[in-house]
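Here's the structure we're looking at; comments come further down.
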Amino acid sequence: MPDIGNWSINRLLSTSARMLEHSWNNHLRELGLTHAGVTALGVIAREGKTSQVRIASIVGVQAQTMGKTLSRLESHHYVFRVRNANDRRSYLLDITDAGRDVLARAEKIDKNLASLGALANPEFREMLVDIVRKLSKEEGNDIVLHGAHEEHRAAVGLADFTGDIEPVQPEGEAPIEVSQVVGPTTAVLDIVTPELLDAARAQREQ
């Protein structure tokens, strides 16, 4: 191993971030999942039988993009399709027992990664947040921050609605505020939690 004890803070931070992401991707690959797949499974598990369009709207991507993710999940028998009782021409997606199991494993892996060393210390997280906030005030760093934000959202299958992509709204359903359902970060993945879905529903009912 290189003599990392003499490395600069910048090098240590960038290397640890890359290694964390690499570890997460390796674990997901072993489970037959992607970032987007974990996010979609989380939505289906917490919403119940749901249409492809609605899943895409909650996650914040086009239905066609979500279709590719769902097809991959279906090929691994993590989700299945059932005929929509309200519209026999369409289908709803539901999660299988294998899907629930792999989702639990993926979330456990993410939490385990988040507990490595100083990552488990809330003060360490606050220190990193403080660094990002202070450095973002320097010229050009706001662009770096936005780029990192969009890069991560793209990795987990999320869209930035301030760009050219428009949210897909299921016909006859109340608007979904995606910013309210994209959850807190654990180690690597932004997880859609039950609390955040409840917050989105409450906002729609106001």
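One line per residue, one yes/no per condition, for (1) touching a helix residue (DSSP H, G or I) at 6+ places or on another chain (Cβ under 7 Å); (2) over 30 Å from ILE4 (Cα atoms):
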{"position": "GLU21", "(1), (2)": "no, no"}
{"position": "GLY37", "(1), (2)": "yes, yes"}
{"position": "SER51", "(1), (2)": "no, yes"}
{"position": "LYS68", "(1), (2)": "no, yes"}
{"position": "ASP101", "(1), (2)": "no, yes"}
{"position": "PRO122", "(1), (2)": "no, no"}
- Residue check, ILE143 of a type in the set (Val, Ile, Thr), at pLDDT below 85 and open to solvent by 60 Å² or more (accessible area, probe 1.4 Å): yes
- Query: So which residues in the stretch 100-127 are hydrophobic (A, V, I, L, M, F, W, C), part of a helix (DSSP H, G or I) and loosely packed, with under 14 Cβ neighbours inside 10 Å, if there are any at all?
  - Reply: ALA104, ALA118, ALA120, PHE124, MET127
- When you scan the stretch 1-99 for helices (runs of 4 or more DSSP H) that lie fully inside it, which ones turn up with 3 or more residues that are open to solvent by 70 Å² or more (accessible area, probe 1.4 Å), without any contact (Cβ under 8 Å) to a residue 60 or more places away in the chain and more than 30 Å from ILE131 (Cα to Cα)? 63-75
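Limited to the stretch 91-139, what total is found for residues that are among the polar types (S, T, N, Q) and under 30 Å from GLY67 (Cβ atoms)?
Count: 1.
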- Out of curiosity, is GLU138 exposed (fewer than 13 other Cβ atoms within 10 Å of the Cβ), modelled with pLDDT under 80 and part of a loop (DSSP other than H, G, I, E, B)? no
- Determine whether GLU173 is more than 18 Å from the chain's Cα centre (by Cα), modelled with pLDDT of 85 or more and on the phi < 0 side of the Ramachandran plot. no
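The values are calculated or read from the model by the stated rules, or taken from the named source; none is laboratory data. Keep in mind that what you see is a predicted model, and the values were worked out from it rather than measured. Glycine also receives a Cβ, built like all others from the backbone with ideal geometry; neighbour counts cover every protein chain displayed. We work out accessible area using only protein heavy atoms, side chains counted, and drop any ligands, DNA or RNA first. Shrake-Rupley method; radii C 1.70, N 1.55, O 1.52, S 1.80 Å.
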